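Peer 1: Please read through the structure below; I'll follow up with questions.
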Amino acid sequence: MGDFEMKRITTLLGAVSAVALVAGAAQAGEITGRVTEATGSVGLQGAIVRISETGQTVSTSRDGSFRLGNVPAGDFTLVVDYLGADAQTREVTLTSADAMVETNFVLGADVAVEDNILIIGQRGQLTSALNRQRAADGLISVLSADAVDRLPDENVAEAARRIAGINVLNDQGEGRFVSIRGIDPNLNTTTVNGVRLPSPEADNRQVPLDVIDSDVLSSIVISKSLTPDMPGDTIGGNIEIETLSGLDQDERLLQFRLRGIYADVVEEYGYRGSLTFADKFFNDRLGVALSISDQERSFGSENAEVDGTWNTDESVPFPEEFENRNYDITRERTSVVFNLDYDLSESTNVFLRTTYSDFTDQEYRNRIENKFEDPDYADALSSGNGAFFDASTGDEFEVDRDIKDRLEEQTIYAIAVGGETFAGPWTLD
């Protein structure tokens, strides 16, 4: 059999399999719906929806929606379980094998004062993060945007610092690289909306997360165990940066922030501002989200340190080299996120998600280095309590001064174009 005939048979078998899959999916029943809080305007991600009779289980997506496919005809009991609220049950009936039933759950809508109350807001975001962690296939930690807003984090690395098991490596007092469970950051991977980010530095593969401003985040998901959907070179773990989607909002979101910064060491002022917009159009089928953040701050440090070894041969120990250092740094960070999501049908959606971040670091370093050799301990000026250096008697004392001007600029951008469709028990994305 020739190669052409073999390829034709393989293609034919693939087409027949795809048709059979779609045809089989079309005959399967579906139960869809959405889980929201009491007002019906906030979707609850991470709620577990289960069919008691069959054991089928799914977790709600970022807008609170769920879909149970391949359900036969009959009467079933749906159970919704969400941390922070009482479980809800509901009876549903599929009259035929290809029937589709939609049912929505509102948690906390009819609670009395003495009952459990579902809390939204910052505490509710923490509960949502815990539900996502519980529903995940692997071991993850989730940090929501509201949790990030509680502290003035400068960037993604600073925000991730508060997650258990995370260690952050600093640069000039600001978080830069993330280590998961003590593993070298070079062994981690970083993704933005599912798109793998390469390192902007040529000599390593770790991604500096101080490039991305924390104000453009929707959430940070740290995966501490490996799952098949991660990039193939993930060894230590994965850092997923999620940005805002317009379809997640039931109402228009418009948010503006402006903050001032003052550094006492360099006596300079700085600023940090952000603008976020999200809304839905065309009968809530098109979601548009835009987030812009810009900041500039000047800061510095002054320190004295010993370089080299200490001379302990004489009565008064002294360092061979002593340095005074002064750093003046100006950092600028700009991040832009623009996302489009469109629902083609109830089972299919497409998206365009873009992220751009530019980071500039201007550093001036002034260093004075003092190098000592053997001092004269017998000199009267030492008074027996110190050492005296006198060039006229042969004591050597060298002073070096250098000024360093370093400009570092890094740019990260990611573009994701894709879609998702549901066909019975199958999800294609």
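Peer 1: Could you go through the stretch 60-71 in sequence order and give the Karplus-derived ³J(HN,Hα) for each residue, using 6.51 cos²θ - 1.76 cosθ + 1.60 with θ = phi - 60°, rounded to whole Hz, and x for Gly and Pro?
Peer 2: Here the 3J(HN,Hα) series is 6, 7, 5, 9, x, 7, 9, 8, 10, x, 6, 9 Hz.
Peer 1: Let me ask something else about it. Taking H as built 1.01 Å from N, whose amide H comes closer than 5 Å to the amide H of ILE212, not counting residues under 5 places away?
Peer 2: Placed amide hydrogens put VAL156 under 5 Å from ILE212.
Peer 1: Could you work out, for the stretch 220-349, what percent of all Cα-Cα pairs fall into each 10 Å distance bin, beginning at 0 Å and stopping at the bin that holds the largest distance?
Peer 2: 10, 19, 20, 22, 14, 8, 5, 2, 0
Peer 1: Add +1 for every Lys or Arg and -1 for every Asp or Glu among the other residues with Cβ under 14 Å from the Cβ of ASP264, and state the total.
Peer 2: Result for the local shell: -3.
Peer 1: Any aspartates and glutamates with Cα under 15 Å of the LYS371 Cα? List them, leaving off those in the same chain fewer than 8 positions away.
Peer 2: Correct list for LYS371: GLU305, ASP307, GLU320, GLU321, GLU323, ASP390, ASP395, GLU396, GLU398, ASP400, ASP402.
Peer 1: Let me ask something else about it. Could you give me the ³J(HN,Hα) list for the stretch 193-201, computed from phi with Karplus coefficients 6.51, -1.76, 1.60 and θ = phi - 60°, whole Hz, x at Gly and Pro?
Peer 2: 6, x, 9, 5, 9, x, 7, x, 9
Peer 1: Quick check: residue separation of ASN104 and THR360 times 0.36 nm, minus the Cα distance between them. What number comes out in nm? Could you put the intermediate results ahead of the total?
Peer 2: Details: separation 256, 0.36 × 256 = 92.16 nm, distance 4.80 nm.
Difference between extended and current length: 87.4 nm.
None of the figures in this text is laboratory data; all of them are computed from the coordinates on show. Just so it is clear, the model here is predicted, and its values are computed rather than measured. Every residue, glycine among them, receives a Cβ derived from its backbone with ideal geometry; neighbour counts consider all protein chains shown.
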